[in-house]
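First the structure, in the form of structure tokens, and then the observations on it.
The values are calculated or read from the model by the stated rules, or taken from the named source; none is laboratory data. Here the structure is a predicted model, which is why all the values come from computation and not from measurement. All Cβ positions, glycine included, derive from the backbone under ideal geometry; neighbour counts span all protein chains shown.
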Amino acid sequence: MSRLLAVVACIGALCSCETRPAPVENRDTSRAPVTPQRAKKAPEVIKATRADPPPKKAPAPRVTTETLTGVATPAPWLKDASRVAGINTKAGPRIVAAGTGWLRLFDGSGKLIAEAKGIGGANVLEVFDATGDGVDDIIIGRGMARGALDIQPSLTIYQADLSDATAQTISLPTTQRAQVIAVEPASDKAGDLWVATFDSKYMVSMQRALFKDGKWNTTEITKVRVAGDIASVTLGGKRVLVVARMYGDTADADGDVYIVGGTQQKLPSTRGARALVSVENGVVMADGWHKQYGTKAEALLTLVRKEGGRWVSTRLAKVPGRHGYNRLRIGDIDGDKQQDVIAAGNGPAVAVTISANAEAPVRYLSLGEAADAYPFDVDGDGSLEVIIAGSKPAIWHRR
Ligand SMILES: [Ca+2]
Ligand SMILES: [Ca+2]
């Protein structure tokens, strides 16, 4: 109201002093139509101070395709988790979540079942039988995080009770950059893993970890510059290690995807990839990355399979408005008997049907930023839900 009074007072003052010289800030004083100019402005000001409600804006057209598919039930108990997974135990399905300094097991309702402490941020969280007793294990890789910068990377294998007494630790090399990138089974028998971990700022060390005589031993296979992910792929009955790179050997070179060892056979990709996940005879990759991610990067999801001795690439989706995913999982989340790829790490979690025939629609599973998304039958009814970590943690259910 004081502003209205000031405006009215000002207008009144202008009317009473038409002959007053133009203000000094007006450069062309000789031609400055001081009064008409001000008078022209005045009605606008008065109109704006009326009590009338502002004209209603037409609703903005909904151009986004980010329509939630299914129901994302909020799971506030997953707050601060950066990695999530699921494990079937004798007591039922359990949700596994990891954050900086902690690893927790929940039932489907969010009740805390068990907790283990650990040092550092959660880089990697996987569930498979690493030790060969026929029971799934929880494998967690930890590295530096806010408040834990000066630490060594670690890889720990827990049983589902999360007890330290039964946990196994795989020693990782001392490094300048404590960050575990990925862990994958290296063969069909347990106690044999591939582990990718940063060795220095840009170099990644590929390790083979073997469990023998009650302990884990690691051997370095090779070093790879800026690897983003690895996958363990079975081709013709033999398991091979595939590595994805976001950059090439020089600062300006594009990344690539190739089989480690032998002739380093390349898989087709668009400028390398940030994430990989194994499928039958190949991988799904998150490619399209570019260091100028604001303008040149594309968030692609691409199926690359070996067929008749050659690599065949099929684009599954290009997600609008995103620059690339770094977490991929596989599962048939809609029950149509076709596997879906679930991607996270850049905006909401999305799912796309894996079809070798055509691009498929992108389906949004969450709101907010999804740091991780893991398909798992949380309630044990035979259909998959998706556990989502991030700014709006949730359990996605299909409708
Ligand atoms: Ca499906
Ligand atoms: Ca279910």
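Considering the conditions (1) within 26 Å of residue 106 (Cα to Cα); (2) more than 15 Å from ligand 2 (Cβ to nearest atom), residue 361 is excluded by exactly one of them, (1). A search for C-beta distances below 6 Å between a residue of the range 166-186 that is without any contact (Cβ under 8 Å) to a residue 12 or more places away in the chain and any residue that is assigned to a loop (DSSP other than H, G, I, E, B), counting only pairs 6+ apart in sequence or on different chains, returns 166/159. One residue stands out in the range 298-311 among those that are in contact (Cβ under 8 Å) with a residue 12 or more places away in the chain and surrounded by fewer than 19 Cβ atoms within 10 Å (Cβ to Cβ): the one that is nearest to the chain's Cα centre (by Cα), namely 298.
To keep it simple, each residue is scored yes or no on (1) modelled with pLDDT of 95 or more; (2) in contact with a Cys (Cβ under 8 Å, 6 or more places away or on another chain); (3) farther than 18 Å from residue 372 by Cα.
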| site | (1), (2), (3) |
| --- | --- |
| 68 | no, no, no |
| 85 | yes, no, no |
| 92 | yes, no, yes |
| 96 | yes, no, no |
| 134 | no, no, yes |
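Consider residue 261 carefully, then state whether it is assigned to a loop (DSSP other than H, G, I, E, B) and surrounded by fewer than 16 Cβ atoms within 10 Å (Cβ to Cβ).
Numbers: assigned to a loop (DSSP other than H, G, I, E, B): yes; surrounded by fewer than 16 Cβ atoms within 10 Å (Cβ to Cβ): yes.
So residue 261 passes the test.
Give the number of residues within the range 336-345 that are outside any loop (DSSP other than H, G, I, E, B) and within 13 Å of ligand 1 (Cβ to nearest atom).
Matching residues across the range 336-345 total 3.
Can you find even one residue in the range 322-335 that is farther than 22 Å from residue 104 by Cα, modelled with pLDDT under 95 and either within 12 Å of ligand 1 (Cβ to nearest atom) or among the polar types (S, T, N, Q) (or both)? Scanning the range 322-335 turns up at least one residue that is farther than 22 Å from residue 104 by Cα, modelled with pLDDT under 95 and either within 12 Å of ligand 1 (Cβ to nearest atom) or among the polar types (S, T, N, Q) (or both).
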